[in-house]
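Let me begin by presenting the structure, written as C-alpha cells, before commenting on it.
The values are calculated or read from the model by the stated rules, or taken from the named source; none is laboratory data. All values reported here derive from a predicted model rather than from experimental measurement. Here the Cβ is made from the backbone with ideal geometry for all residues, glycine too, and neighbour counts use every protein chain on show. For accessibility, only protein heavy atoms count, side chains too; no ligands or nucleic acids. Shrake-Rupley method; radii C 1.70, N 1.55, O 1.52, S 1.80 Å.
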Amino acid sequence: MQKRTLSNGIEMPAIMLGTSICDRQCFSIFGSRVSDKTLFKQMTDGLVYAVKNGITGIDTGRDYKNEPLLGKIFNDLLKSKTVKREDLFITTKVGNGQQRLSDMEKEIDISLKNMNLDYVDLWMLHWPLSDYYIENWKQLCKIYKSGKVKAIGMANVRERHLLELEQADVEFMPHVVQVEYHPFRTISKFREMCKERNIQVEAYTANCAMLPFVRENPVLQQLAQKYGRSITQIIMKWHAQQGVIPIFSSNNPAHIKENIDIFDFSLSEEDMQSIFALNIDYKYHPESVNCPGY
C-alpha cells in the first residue's frame, strides 16, 4: 500500500478502510438487531481479509459504537501475528456528545481502553461543534504532545473553521482533515487552502455512495470502459492520483479488492479534469442534521 507523509513526518496509508457500516449493520434488512457475535464475525472476516491484502488503515469513531469490537479484532490480529501494531494506522474520533463534556484526556483514555491500544495513529474531532471545538482542539494539541496519539485532525470542517483555529493561535493545526469529497463535490477552494497549509485531505463518501446518478454517469462509464476498470476504481484512482486519501467501507472481499486494486494504472490529466468537471456541489451528508449550530 502506498503512503502519504503528514506534515509531522508520520506516514498514513493512501487508502483507508472505514467501519461506519458496522454501526448500520447492527440491523438486518428486517429491522432486527444482529448479535454482537454475528457482527464480530462480519467485521473480523472483512478486516482480516483487508489486512492480508494490504489494507492497514482502519477508520472508526466513538459514535460508530464499535470500538470495543474492533479492540477484540485488533487483539486477535496482533496475537496471531497477522500484522504488527506499527504497521496498522488506526483512526478514531470524538463525537459531539463527548465534546460537550470537554474532557479530552478522559475521552482518549476511553478509546484506548476500548480498542486495547497504547496509542492511536490519528485522533479527530468528529465535528467542529460550536462553542466547544476550539477549546477541545487545544486539549487535543496537549494530548498529541503526550504521545497517546501520533497525529490529530478534524472531520467535517470548512474554510471558516480552519481560519478560526488560526485566529485562536492554536499550537498545532490539523495534520488531517476528513471531509465529504467525491467527483460531485470537489470543494476546490478548501483543497487549495489545505494544500497551502500542508494539511492532508481525507475523503469520506469517496464514491458518493455509488448512487444511481453516479453509476449511470456517462463520463464515468466511458472512463471505466476506456481503462477496463469499474467506476468505483476510476473514482478511487482519481482520489489517489491527486494525493487525497479516500475511505471506503465494506466487509465484502470482492469489494475490498476492487477498491484497492488501483495502483497499476494512471488517469490522463485530461481524464482527471473531466472528472473534476462533474462537480455540482452535491452533499450526501448535510451538516445541519449531525451538528446543530454548524
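From the alpha carbon centroid of the range 142-203 to that of the range 234-273 is 22 Å. Just so you know, the averaged projected area of the alpha carbon convex hull for the range 110-198 sits at 6.5 nm². For the chain, the share of accessible area belonging to carbon and sulfur comes to 49 percent (1.4 Å probe, ligands and nucleic acids excluded).
Spin-label model, Gln273 to Ser102: label points 7 Å out along the Cα-to-beta-carbon direction sit 5.1 nm apart.
The Tyr282 and Glu171 beta-carbon pair, evaluated with R₀ = 25 Å, returns a calculated FRET efficiency of approximately 0.10. Within the listed set Thr82, Thr60, Thr205, the Gaussian network model of the chain (springs between alpha-carbon atoms below 10 Å) gives the highest mean-square fluctuation for Thr82. In this simple spin-label approximation, Glu196 and Ile110 carry label points 7 Å from Cα along the Cα→Cβ vector, and these lie 3.7 nm apart. Counting only Cα atoms, the size of the chain along its three principal axes is 52, 47, 39 Å, in decreasing order.
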